[in-house]
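Down below is the structure, laid out as structure tokens.
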Amino acid sequence: MSTPHASAFEEFISIVARLRSPDGCPWDRKQTPASLRADLIGEAYECIAAIDARDDGNLEEELGDVLLLLALICRIKEEEGVFDIAKVLRGISAKLIRRHPHVFGDETRSSVEDVLVRWDQIKKEEKGAMADPSALSGVPASLPPLEKAVAIQKKASKVGFDWSEPGPVWEKLAEEIGETREAVASADPGAVEREIGDMLFTVANLARLLGVDAPLALRGTNDRFSGRFRQVEGKLSAMGRTPKEAGLQLMDRLWDEVKAEERANRSHGDPVPAEGQPGSSK
């Protein structure tokens, strides 16, 4: 029995097939899974940005873009005789049922932690003898570095290789800062790079133990910096000056003004606009 969801999906798949047909679009016909990797990552981040901005209209559009890339890759693989989107859907449906025995079976799970432990158990059973025996298996090699650091730490934590609370991590961070200073003093670029990496890894660990999503926190800082810098540029433009002409001292003073304005807005209960949102400097 056809449903609105099914008919919309079928229409979408037929459009993608047409784009890949001999009389379709030259750009779509030229694509390969490898050529679409960067677009897939970029569109995923666009979705994250829309979620962070609570922009449901934009999120709707960005999810469509992600679906298009997924459908294109599936269509390419169908043309190669490897698999099609129906097989992908059947596979994920079977996996969801198999890995949720507390929903589709007779098992009982009382907490999110119990569910995650059982998920990992089932995953290992599925892999069987082919499973990577390392506790760090399953961390995607293509994850961005900060996300990968957090994923590695979570995997190690599951087997007990972790601090029980944040206190010792502060000491470790101080140690890493000291080692970074020593590396800088040694004028050894390789050592500086290693120590900076260790320091960043420790910061990610501290964030995790404090219950902070490190990638999300960094995205927030990036947005705040970008928004404030654009406001500094706006103030300079009103003075008839460019950042290069202004110099650090003036820009630093304007930066402090922007931060003071943010604090004033917060004290009055007014939302501080994020970069790219109405009322921001973008």
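Annotation: aspartates and glutamates with alpha-carbon distance below 18 angstrom to residue 235 (same-chain offsets under eight excluded): 245, 252, 256, 257, 261, 262, 275. Shape analysis of the chain places it in the oblate category; the axes a ≥ b ≥ c from the Cα gyration tensor give an a/c of at least 1.5, with a/b not above b/c.
Each part gets one Cα centre, and for segment 1-58 versus segment 62-102 those centres are 12 Å apart.
Its Cα centre serving as origin, the chain has a Cβ charge dipole (Lys and Arg +1, Asp and Glu -1) of approximately 300 debye. Taking K and R as +1 and D and E as -1, what net charge do the other residues with C-beta under 10 Å from the C-beta of residue 31 add up to? Local net charge: +2. If R0 equals 30 Å, the separation of the Cβ atoms of residue 158 and residue 92 corresponds to a calculated FRET efficiency of about 0.80.
Cross-link reach is defined here as a Cα-Cα straight distance under 16 Å, omitting same-chain residues fewer than 8 places apart; for residue 124 the aspartates and glutamates meeting it are 114, 132. Beyond 25 Å in Cα-Cα separation lie the following of the pairs 127/155; 123/158; 123/172; 87/127; 30/95; 87/154: 123/172; 30/95; 87/154.
Overall, segment 224-267 carries a charge dipole of about 120 debye about its Cα centre when +1 sits on the Cβ of Lys and Arg and -1 on the Cβ of Asp and Glu, all other atoms neutral. Within straight-line reach of residue 148, meaning a Cα separation under 14 Å, sit the following aspartates and glutamates at least 8 residues removed in sequence or on another chain: 198, 213. Sequence-ordered 3J(HN,Hα) estimates for segment 7-17 from the Karplus curve with 6.51, -1.76 and 1.60 and θ = phi - 60° stand at 5, 5, 5, 4, 4, 4, 5, 5, 5, 4, 4 Hz, glycine and proline given as x. What the phi angles of segment 99-115 give under the Karplus curve with 6.51, -1.76 and 1.60, with θ = phi - 60°, is a coupling list of 8, 10, x, 6, 10, 9, x, 10, 7, 10, 10, 9, 8, 4, 4, 4, 4 Hz, glycine and proline written as x.
In order along segment 24-30, the phi-based Karplus estimate (6.51 cos²θ - 1.76 cosθ + 1.60, θ = phi - 60°) of 3J(HN,Hα) comes to x, 8, x, 5, 5, 5, 7 Hz; Gly and Pro are listed as x. Relative to the longest principal axis of the Cα atoms of the chain, the long axis of helix 248-267 makes an angle of roughly 70 degrees. Using 0.36 nm per residue and subtracting the Cα-Cα separation, the extra length available between residue 70 and residue 200 on full extension is 43.5 nm.
Readers should treat all values here as calculations from the given coordinates under stated rules, not as data from a laboratory. Keep in mind that what you see is a predicted model, and the values were worked out from it rather than measured. Note that we place each Cβ from the backbone using ideal geometry, even for glycine, and neighbour counts take in every protein chain shown.
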